[in-house]
Structures are given as structure tokens and as C-alpha cells.
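Working notes, beginning with the structure itself.
The values are calculated or read from the model by the stated rules, or taken from the named source; none is laboratory data. None of the values given here were measured: they were computed from a predicted structure. Using ideal geometry, Cβ is built from the backbone for each residue, glycine included, and neighbour counts are taken over all protein chains shown.
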Amino acid sequence: MDSGSMKLVYYYLLAFIGLKEGTSLPATDQNAVDYIADNLDVRFEIIDNLVGGTEWHQVYIYLSNNGIQSIRKSNWEIYACFIRLIEPQHYPGTYIIHSSGLRVAQIGGCLFKFDIDEVNFKPIGPGQELRLDLKIQYWQVSRTDAMPNWYVTAEGRTPKIIKSTSGESLNFVQPIVAKKQWKRYIGDVYDPYTPAVRYERNADIRDLGKSSYIIPTPLNIEQNGTKTMSLSNWVIINSTDFHNEAKFLAEQMNITVVPPSPVPNNKYIIFKKNIVPVTRMRDDVKDQSYSLETNTETEVVEITAPTAIGAFYGVQSLLALISESRTVPHIFIKDAPRFPFRGFHLDVGRNFRTKEEVMRLLSLLATYKINKLNFHLTEDEGWRLEIKGLPELTEIGARQCHDPAEEKCILPQLGSGLPGYETSESRYYSVDDYKEILQHAVKLHIEVIPEFDMPGHARAAIKSMEAKAKKSNARDYLLTEEGDTSSYFSAQMFTDNAINPCLNSTYKFVERVVTEIQSLHRGIQDLRIFNFGGDEVANGAWENSTACKDLTKAVPDIRDAKDLKKYFAQRVANILSTKNLSMAAWEDGLMKNASVVFNRNDLEPVDVYGYAWDNVWEWGASNRAYMLANAGYKAVIAHATHLYFDHPYEPDPEERGYYWATRFCDTKKTFGFIADDIFENVDVTRAGKPITKETICGASGCLSLDKPDNIVGMQGHLWSETARTGDQLDYLIFPRVLALAERAWHKAPWESLTDKRARDTDKNKDWERFSNNLGYKELRRLDRLGVKYRVPPPGAIVEDNFLKVNTEHPGLGVELSTDNGQNWKLVTQITAVTPGQKLRLRTRSGDGQRKSRVVDLTVTTQQFSSASSYIGSSYSILFHVFLIVIKTCFNM
């Protein structure tokens, strides 16, 4: 008999003799771990978000045994990520004993453990189910709030992912179908959009049947008639000044670069270096200006710019003009950007993206003239860049696996990675990887701004340096103080993620990192800005640190732990200043408290950039961009309500993303952002209730912007908690990033209108143009580039016996199924329906290869006219066809 069969007999014997509760059982062997992983069916269900007010909600977790053995009492443990605190009323208890006979404990961050309570646990027999009824903090309204890849293990055993939770389908998460499940709290006005609501939201977007020009919109553009010319069999004249740009264009168009003489008679593209005078242009963007002329009479394309970066933007505009048939119109463009800083923030600390994925994203960002990448390389969950001399940062801090001591890796977070050490991998950029990324960024004229988040959000670094100290007994780079009993709880539920600012070893670590990253940049793209993060340091950090108490006594300006944040920023600034580097940080890294900005003169670097992100209107912090600018900082508008692309596109449980700042952020919302007056963007509270700028600014009025030149730009963001794959990343970023590019490059005339009604009217017309541009051109361009952008679900109503549909982006087709998804057909203007039909609808991508999520619509009798009948419907169809023919013939 093999060992597996013997084990099966053993379990049946235990069941037969009825082993009493509390009897000590042997330690779990690997077969039992494997059995649980293979046969435990996990189901996660949000029951009620409203039952606990705003403090907690109710969740059921079902554990069903789908195998033929009993799951018995032993030392097995189940680990899973929960983005909210389980049983918050008992925190910080080490264990909470549940009535099911399981115990639950928070391990750190989102990682929780379920194990056996020896007294109360009863075996789960074949076909039996155990239910945990849990109170969990705050609320959860999205299926992607639940993280996949739960795993089971036991001491000395290889951990295994529980198959029912494995992968990205989230099939173990039960549907969210009731108000008490999708409402966050009483007073939350948001409901998922019905097809009719979505139809109404799209109703003001006429289908123009074509695209117009390019994204982002040029400052000045003139088109001469409708004549076009083909660019087939053309050449590019090599340019001494802009050789790299000529080469880039040749690669993109797959045509030849020829010597500058002799110049052909026609059918060539030529670069010229010259100043391009553009009206309404800031002084700090002159180097990014260009002109582009495509002359159909002479058959010559001319790109003029004062610098290589301007020439590159001329190239991108030319590429955007070229149709699928390789034609361009007769057009003249004079252009320059609105802001010098047009940024995108990519978080690879939480969920890693490969070198190839980052380089692909850089190419896509450059296509739309984004020129800064804030590269978020470190987080609590991971350190992602090789640092010479500190190998533990990537050997340990870049690898997630099940190692309770965290000496070989850090524990899994956010449903990512494989829990077994042998099956996990260290996910980071080697020195060579990073240099390749920089080289690609240089080619695309994108500045890479590396971010190493500290003193908060630094758990991966802390654990790596602790492991280094244990291994080598070297404490030169320790980031925490042994014996520090300070108690704190970060926004992401960590109690050990804050670097101690009172240790000299901290600054030795910082200087080593800065020195190495500067070395990596040297000779490729010299490092100009170092971002130290500085955000979300939890209250209570360092309060019981002996080193900090000693520092408080020694330094008069430090009165308590709250002053240590400024001390840390100053020490980092001093390091950067000696290396002639500018500094960047999130807004709270440059502030003593919610309303006091550090004196700019106390920070040495020539430029200090502050990213203003925390603008939830009712929280009273929306004026921080102006506070920073007025204080002398270079302020980057990074508002979470409009520019955080990790938030859902719709208030729907099926949409991916967190929603802490706003319940949803669609492409239109980003497109409509008014950067020159941030208070004009005030719209609704987090609950969705209308709010005005007068309400949030008070009787004294909104803070004025005294130094507008210090608002240097805008930045969009992708925080990666729910983006574990490249496709998920694409979905969240695109097409919203095109709206970011539009607003950061181009100031629309409607933004300057003071009459809100007139402004909204003009904005909607501009959105109509932009949305048609997406549907008829840019999304198809993204299709060709392999981008898995979000395909928006359709809107739909039934009117006069016909199905009417629309989409957020005209030009995308809508498909209909009347047999529960078995067969699909394209909806036309004469798609008739009948009462009682259950319709399923989905939108097609521009190339027709991908589909949106499916939405359902049941046809009711109320949607029909009272005179409708089968015969009447037939006549109605014929009449409808007749009207379409007449309209087409006479172009009505």
C-alpha cells in the first residue's frame, strides 16, 4: 500500500473511532497540506456593509470540503490577504477565537492567518462546510477588494496555494447584487449603472463618424482643405541636429534615412533647427515647442524645433496624423505644451512589472507626450532595484514567500507571488535592467524620477537590513532601533514599516542608495531629481525610541516625535544637496501637519518638488498644491479625485480598483480637470453628494495662488494593489492616460470661462470631439500596439420596439445576445426586441477582438408603446428602415 492510501485509511479510522476534541494530533504532513490545497472550496461573500454603520461590515467565509477525507485537527494554517482589518473591535489581540473553531490573527499588512482552536474545532468531513461570520472594518463594495491566492501550510511543510482561490478569475468571490452589498454606508448615493443610466450618461456624445486631428490637441492647427497625400515610398533627410529623432521616425514608419544632400525633389521629411514662436507659451516650455507642416502641393513634410525634444514631439504629431492607409492631410501645426512637467507615476513596489513591460509603457506614454516617469521602486511589499553592496534588498526585499522569520524573503501581500521559497522568485531590476530602461527613456525624452519611499512605506527595506544584520552582525545599515516599543498602525495596516530618523545608520543607508542610483544614471540620463516619498508616516512611530528621545534633548528644534519628519527631510535634503540633486516628495513629506508646510529655506536643494495628492474635498486638504507653490516649492498637481487611475471607472462591483478618494474616476472626469483653478473641480463628496467650492473654502474664500509659475505640471498615477498582471495594468491606465495627456499639454478654451453653465456646455462639446477621436482612431491605434485598454460597457434602452445602444466612445460596436451568451450579433439601428426578452449586451474593442464586460437588460412591457403588436412592430421596422434610407440619401 502506498503512503497516500495509508493516509486515507488513517483518516477513515480516525473518523470511525470518533476521536475526542482536544486530543493531540500528529503534526500536519505534506499530504494533508496538499489535500487541503486541492479540495478546500473557499467562498467569500460580502453580506452587509450597512449593518455596522461606518465602523464595520459583515462577511461570510465558507470553507467546504470537496474531497473524500476529513480535514482534521492539526497544526495546518491558512493565510490570506484582507484589505480591511478583521474583527477591528478586538485589535490588537494576538488571536481572535471564532465560534467556528478557527482562530484568526493579523500577521502584518493585509496578511491574516486562520488556524485551529484545539478546544472548539470540529473536523470538516467530506461534503461538510464550515462558515465564518466575520466583522471586518469599514466596507468592501468591489469584487477586487478580495485578494486571490490564499495558501495553506504547516510548520516544516511546503506551502500550497488553495486552488479554489488561485489565479485572477476571483470565482471564489460571490456576486455583489444587493444595495447592502454595494453601498458603503447609509448616505452613499452610488449605485451600479444600469444600461439605461449609462445610455443617459452617454446621450450627449453624438457619433460624429470620424476622428479629428490628434491627442493631445496642438496649440495652433490649420488645415488646408480636405486634400491628403500618401507617405508611401518617402524618405527622411538625415539631420545633424536631430539625428536620433530622424532615426526614431524611420523606425516607426519603416522608411529610409538618406544623406542631407542631394535633397530629393519631393516625397521627403526634413528636420530644421530653429526657434518656433508660439503664443500663450510659458518660458519653461520653449524648448519643447515645434512646428509641423505637411504640404500636399510640394509633397514635403517639415518639422522645425529649437531642441531635440521639440523635434521629437513634432515626430509624434506626424505619426498621430498618419492614417491606416498611410496618408496625411495638408496641415500646419505650431505647438508647445501647457506645462513643462507632464508625469505618470508607476508603482512597481507592490506588484512588480518586468523591464519589458516598463519599456513598453514608456513608449506608450511618449506617444502622447508624457515626459516624466515617477518610478515608485520601493514599498512595504517590495524593493525593486539592485543596489550594489546591499544585496539583501533584492535577495530578501524583492522576494515574497512564506518565511515567518523573514530572513529569506518577506511575507506575501496583496494576493501576489508563490508562497513556497523554491517556487517564488526575486522580482527586481538588475543594474543592467535599469540602465536599459534609462536608455529607452532617453530615446523617448522621458525623465525617470526614481522614488525610494521613506521613512514610511519602508518595510521591505527594514526587513532586508534586519536580515543583513543577523547574517553578518553588521549594523551599519540598520533602519530601526532594537528595543523600540513604539506602537503605530499604518494606513496599510503595518506596525513595523517606519524607518527610524534618529539613527546615523539610516542616513548611511540613504546616502548609499542615492550614490548608487546616481551612478546608474550617470552617462545615460544624469540623475536630476531624487524622490524620497515621505508620505503616510503613521502616528506613534518613534515615540518610544531611545535614540529619538536622546536626539530631542540634543537638538533644540525637535520638541517631540512630530518634529522628526522635518528632521528626516532636512537630512535627506542635505545629502542630495552635496550631490547637486533636486528633491521630490509627496505633499505630506514636506508638511509638519495638515496645514503647515516646512519652510522652503530649511531645505537646501535648488528645487524641491511636491506632489499634491490628498484632495478629498470634504477633508479640507485640497489647497495643498497652492500652499506648496506659494511657499516656493515646485508643485505638481496629483489630485486623487481626478488623477488616480487605480480607482474604478464606474461605481460598479465588477470594476477593478480601490475607491478611497472617489467612488469612480472615468476618462471624462480626468478630461474635465481644470488645472489652472483647482477649486473649480469641486464636485461631490466621497458619498456622491454635491459640494461646492464655497462650502469647502469657507467664508474667507479659497486660497489664492500667488506664484502660478511654481505649478509646474500634472501627474497621473497607477498604484498597483489590484493590478497583478500586465493586462490589468493596461485596463486601469488606458484610455484615462490620454485624457491626462490632453489636459497636461493643452489648455482648452472652456477652462477659462467663468460662467459654469457655458463652461459645461463647451466642455461637453470638447469631450464629444475627444471621445470620437478615441473611438474612431486612438483606441484602434492602441489595438495595433497590443494595449488591453478598457472597453466600456454599452448603454441601452428600448424605445418604440427597438433596442437603442450607445457607448462612451462612438465608433465601437455593440453586440447583442438573446440566448444567454450562446450567440452574438451586432446591434444595428433596426434591432427590434419583444417584451420579456432577456438581453445580454457588450461593446467590442476598436479592432473587434476584445469585448467589454457583459451587461443585462430585460425588456418590459412599459418600454413599448401601447399600440405595439407583432404586426405593428413589423410595420415599424419597415418605416424605420425607410427613414434611415431617406436620411442617408439626403444626408439629413
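At a glance:
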| read-out | value |
| --- | --- |
| Enumeration of residues in the range 355-393 that are without any contact (Cβ under 8 Å) to a residue 40 or more places away in the chain and either more than 25 Å from GLY713 (Cβ to Cβ) or part of a loop (DSSP other than H, G, I, E, B) (or both) | GLU356, PRO391 |
| Complete set of residues in the range 57-73 that are of a type outside the set (A, V, I, L, M, F, W, C) and within 15 Å of SER100 (Cα to Cα) | TYR60, TYR62, SER64, ASN65, ARG72, LYS73 |
| Criterion (out of contact with any helix residue (DSSP H, G or I) (no Cβ under 8 Å at 6 or more places or on another chain), crowded, with 20+ Cβ neighbours inside 10 Å, acidic (Asp, Glu) and assigned to a helix (DSSP H, G or I)) met by exactly one of GLU466, GLU451 | GLU466 |
| Selected residue (criterion: surrounded by the most Cβ atoms within 10 Å (Cβ to Cβ)) from residues of the range 280-309 that are in contact with a His (Cβ under 8 Å, 6 or more places away or on another chain) and closer than 18 Å to THR367 by Cα | ILE309 |
| For GLN715: the one exception among (1) loosely packed, with under 14 Cβ neighbours inside 10 Å; (2) among the polar types (S, T, N, Q); (3) within 30 Å of PHE352 (Cβ to Cβ) | (1) |
| All positions within the range 831-858 that are touching a residue at least 60 places away in the same chain (Cβ under 8 Å) and of a type in the set (Lys, Arg) | ARG850, LYS851, ARG853 |
| Output for the range 157-175, where each listed residue is of a type in the set (A, V, I, L, M), in a loop (DSSP other than H, G, I, E, B) and touching a strand residue (DSSP E or B) at 6+ places or on another chain (Cβ under 6 Å) | ILE162 |
| Hits in the range 43-63 - residues which are surrounded by fewer than 21 Cβ atoms within 10 Å (Cβ to Cβ) and in a strand (DSSP E or B) | ARG43, GLU45, ILE47, ASP48, LEU50, VAL51, GLY52, GLN58, TYR60, TYR62 |
| Conditions (1) farther than 25 Å from VAL442 by Cβ; (2) surrounded by 23 or more Cβ atoms within 10 Å (Cβ to Cβ): number failed by LYS369 | (1) |
| Some residue of the range 821-829 being under 19 Å from ARG198 (Cβ atoms), of a type in the set (Val, Ile, Thr) and in contact with a helix residue (DSSP H, G or I) (Cβ under 9 Å, 6 or more places away or on another chain) | no |
| Options GLY456, GLY417, GLY397; residue that is crowded, with 22+ Cβ neighbours inside 10 Å, at pLDDT below 95, outside any helix (DSSP H, G or I) and not acidic (Asp, Glu) | GLY417 |
| Answer from PHE568, PHE598 - the residue that is more than 30 Å from ARG743 (Cα to Cα), aromatic (Phe, Trp, Tyr) and surrounded by 14 or more Cβ atoms within 10 Å (Cβ to Cβ) | PHE568 |
| Within the range 653-683, considering residues that are of a type in the set (Val, Ile, Thr) and part of a loop (DSSP other than H, G, I, E, B), the one surrounded by the most Cβ atoms within 10 Å (Cβ to Cβ) | THR662 |
| Strands (runs of 3 or more DSSP E) completely within the range 194-291 that count 1 or more residues being closer than 27 Å to LYS765 by Cβ | 220-230 |
| Total residues in the range 751-776, condition of a type in the set (Phe, Trp, Tyr) and either in the same structural domain as TYR368 (by TED's automatic domain parsing) or under 14 Å from LYS669 (Cα atoms) (or both) | 2 |
| Residue check for TRP613: of a type outside the set (S, T, N, Q) and without any contact (Cβ under 8 Å) to a residue 24 or more places away in the chain | no |
| Pairs where the first residue, in the range 573-585, is closer than 15 Å to MET454 by Cα and the second is buried (at least 19 other Cβ atoms within 10 Å of the Cβ) and polar (S, T, N, Q), C-beta under 6 Å, 6+ apart | ALA584/ASN531 |
| The listed residue being closer than 18 Å to GLY209 by Cβ, of a type in the set (Ser, Thr, Tyr) and surrounded by fewer than 18 Cβ atoms within 10 Å (Cβ to Cβ), out of THR858, THR834, THR828, THR807 | THR828 |
| Restricting the range 641-652 to residues that are assigned to a helix (DSSP H, G or I) and without any contact (Cβ under 8 Å) to a residue 60 or more places away in the chain, the residue that is surrounded by the fewest Cβ atoms within 10 Å (Cβ to Cβ) | THR641 |
| Tally of residues being surrounded by fewer than 18 Cβ atoms within 10 Å (Cβ to Cβ) and outside any strand (DSSP E or B) across the range 310-339 | 6 |
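Yes/no matrix, rows are residues, columns are (1) part of a loop (DSSP other than H, G, I, E, B); (2) not aliphatic (A, V, I, L, M):
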| position | (1), (2) |
| --- | --- |
| LYS471 | no, yes |
| ARG475 | yes, yes |
| GLY483 | yes, yes |
| PRO501 | yes, yes |
| SER505 | no, yes |
| LEU520 | no, no |
| ALA541 | yes, no |
